[in-house]
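Visitor: Mind having a look at this structure? Questions to follow.
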Amino acid sequence: MCRNIRALFNCEPPATDEEIRAAALQYVRKVSGSTHPSAANRPAFDRAVDGVAETTAALLGELVTTATPRDRETEAARAHARAVRRFGG
């Protein structure tokens, strides 16, 4: 998985439309191999991002769990600690 895509399910507060779209954009960039598509490919690229975002939102709306929601601030602190260990302070 692309390391820039974060788990969006079972978080408190729930994922926003902007976060879902950002994850979809990262996915389409990774799959297409293009960060900035050409003008000729832009319509297909944008349709793919829209489709992935729509499907992701539908998936998040249908998933169920009995686990307690993850706190976003706690998860961010853990990610920061991992980055410090990996790259230094």
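Visitor: Taking helices (runs of 4 or more DSSP H) that do not extend beyond region 16-89, which have at least 2 residues that are farther than 13 Å from Arg6 by Cα and of a type in the set (Gly, Ala, Ser)?
Guide: 42-62, 72-87
Visitor: While we're here: Residue pairs, Cβ under 7 Å, 6 or more apart or interchain, first in region 50-63 and without any contact (Cβ under 8 Å) to a residue 40 or more places away in the chain, second surrounded by 15 or more Cβ atoms within 10 Å (Cβ to Cβ) and of a type in the set (Gly, Ala, Ser). List them.
Guide: Val52/Ala24; Ala53/Ala24
Visitor: Can you list residue pairs whose Cβ atoms sit under 8 Å apart, with the first residue in region 4-32 being over 13 Å from Phe45 (Cα atoms) and the second being of a type in the set (Ser, Thr, Tyr) and open to solvent by 100 Å² or more (accessible area, probe 1.4 Å)? Count only pairs 6 or more apart in sequence or on different chains.
Guide: Ile5/Tyr27
Visitor: State which residue is nearest to Arg72 (Cα to Cα) when the search covers only region 20-59 and only residues that are buried (at least 16 other Cβ atoms within 10 Å of the Cβ) and of a type in the set (D, E, K, R).
Guide: Arg21
The values are calculated or read from the model by the stated rules, or taken from the named source; none is laboratory data. Please read all numbers here as calculations on a predicted model, not as lab measurements. Cβ: placed from backbone, ideal geometry, glycine included. Neighbour counts: every protein chain shown. What goes into the accessible areas is simple: the full protein's heavy atoms, side chains included, and nothing from ligands, DNA or RNA. Shrake-Rupley method; radii C 1.70, N 1.55, O 1.52, S 1.80 Å.
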